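Quick notes on the structure that follows.
Each value in this text was obtained by applying a stated rule to the coordinates, not by laboratory testing. None of these values were measured; they are calculated from a predicted model. Cβ coordinates were reconstructed from backbone atoms using ideal geometry, including for glycine residues, and neighbour counts include every protein chain displayed.
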Amino acid sequence: MGFYTFEKIKRNRKVYRQCVVCGRNFQKSKTVTHTVNPFNRNERGEVRSRGEVSDCAQVELDAWARSIPPLCGHCHEKWELVPEIVTTDGFGHPNGVLHDVPVCRFCRARSGHPHAEGCEALKEKEETMTLSKE
């Protein structure tokens, strides 16, 4: 039985963001590897060329970059983004613009809420975690 080595196409990307909760700058990186081989076919059923394989890897990286939430690793554990219609006009009427608003995963309080001491639900969860480890 023969052994075949196919050409690898590697693409990598770094994404730089600023956390919407704490303001820290953070980065994420990902590497995608595709191969040029007879089983890698396009929509027409033809074998993909090197350029088509490279484009496919780049499309995958672009989709990954768009899916990264603007939360650093520390805040991602405690906060999640919830889509919400935000009022921006002076009369309090909704303008129909959808924004992602940070909300606490445990008590559902919005960002900007007095969370300096931490929410009670988070404290209870951390206490049960430490008790279960002992």
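Averaged across orientations, what area in nm² does the convex hull of the alpha carbons in the stretch 7-67 project?
Value for the stretch 7-67: 4.6 nm².
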Along Cα→Cβ, 7 Å out, is where each label goes; now give me the distance between the ones at V47 and S67 in nm to one decimal. 3.0
Find how many whole Å separate the alpha carbon centroid of the stretch 1-39 from the alpha carbon centroid of the stretch 65-79. 19
What residues qualify as long-range amide H neighbours of V101, i.e. H under 5 Å apart, gap of 5 or more or another chain, H built at 1.01 Å from N? V82, E84
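Give me the extension gain from E84 to C107: residue separation times 0.36 nm, minus the current Cα-Cα distance, reported in nm with one decimal.
Numbers: separation 23, 0.36 × 23 = 8.28 nm, distance 1.72 nm.
Length difference between fully extended and current span is 6.6 nm.
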Placed amide H near R24: partners under 5 Å, 5+ positions off or other chain: C19
Simple spin-label estimate for V32 and D100 in nanometres, 7 Å along Cα-Cβ: 1.8
